[in-house]
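**Q** Structure below; questions to follow.
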Amino acid sequence: MKHTPGPWQIDEIQTEDWKINISAGNRIIACAFHLTDDPVIPDEECLANAQLIFLAPQMFEVLKDLCYRTFRNMPKDDTLNAGFEIIGQIERG
């Protein structure tokens, strides 16, 4: 199974249940939840989690580019092997 194609966006904060939706078009694909006791302001961790999820497709494309183009002729080390393993896991689903 492949991931939902981009572009992904961070939607408005849902104040009724204190979550931030990440969507692709009109489809919600992930949520980051508010984790503090403050009923008004979403915490930085929630916003950072939403940003990380939102950027996942772009980070995946950069990782593929680095592994397959930039470092393809370099000797494989643990970090590069880990990059290829992550790519494989994502592509296999």
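**Q** Suppose we filter 61, 91 for residues that are touching a Lys or Arg at 6+ places or on another chain (Cβ under 8 Å), of a type outside the set (A, V, I, L, M, F, W, C), modelled with pLDDT of 80 or more and open to solvent by 50 Å² or more (accessible area, probe 1.4 Å); which single one remains?
**A** Step by step, each of 61, 91 is checked, and only 91 is touching a Lys or Arg at 6+ places or on another chain (Cβ under 8 Å), of a type outside the set (A, V, I, L, M, F, W, C), modelled with pLDDT of 80 or more and open to solvent by 50 Å² or more (accessible area, probe 1.4 Å).
**Q** Turning to a different aspect of this structure: Show the residue pairs meeting these rules: Cβ distance below 9 Å; 6+ apart or different chains; first residue within region 37-57 and within 17 Å of residue 9 (Cβ to Cβ); second residue modelled with pLDDT of 70 or more and among the hydroxyl-bearing types (Ser, Thr, Tyr).
**A** From region 37-57, the pairs are 57/4.
**Q** On the basis of being surrounded by 11 or more Cβ atoms within 10 Å (Cβ to Cβ), at pLDDT 90 or above, touching a strand residue (DSSP E or B) at 6+ places or on another chain (Cβ under 9 Å) and not in a strand (DSSP E or B), does residue 54 make the cut?
**A** It is true that residue 54 is surrounded by 11 or more Cβ atoms within 10 Å (Cβ to Cβ), at pLDDT 90 or above, touching a strand residue (DSSP E or B) at 6+ places or on another chain (Cβ under 9 Å) and not in a strand (DSSP E or B).
**Q** Pull out all pairs, ordered by first then second residue, where Cβ-Cβ is under 7 Å, the residues are six or more apart or on different chains, the first lies in region 68-92 and is farther than 17 Å from residue 3 by Cβ, and the second is surrounded by 11 or more Cβ atoms within 10 Å (Cβ to Cβ) and of a type in the set (Phe, Trp, Tyr).
**A** Once the first residue is farther than 17 Å from residue 3 by Cβ and sits in region 68-92, its partners that are surrounded by 11 or more Cβ atoms within 10 Å (Cβ to Cβ) and of a type in the set (Phe, Trp, Tyr) give 80/71.
**Q** Being part of a strand (DSSP E or B), modelled with pLDDT of 80 or more and open to solvent by 80 Å² or more (accessible area, probe 1.4 Å) is true for just one of 28, 10, 22. Which residue is that?
**A** 28
The values are calculated or read from the model by the stated rules, or taken from the named source; none is laboratory data. It should be emphasised that the depicted structure is a prediction, and the values quoted were computed from it without experimental measurement. Heads up, the Cβs are rebuilt from the backbone with ideal geometry, glycines too, and the neighbour counts pull from every protein chain shown. These area figures cover heavy atoms from the full protein model, side chains too; ligands, DNA and RNA do not enter into them. Shrake-Rupley method; radii C 1.70, N 1.55, O 1.52, S 1.80 Å.
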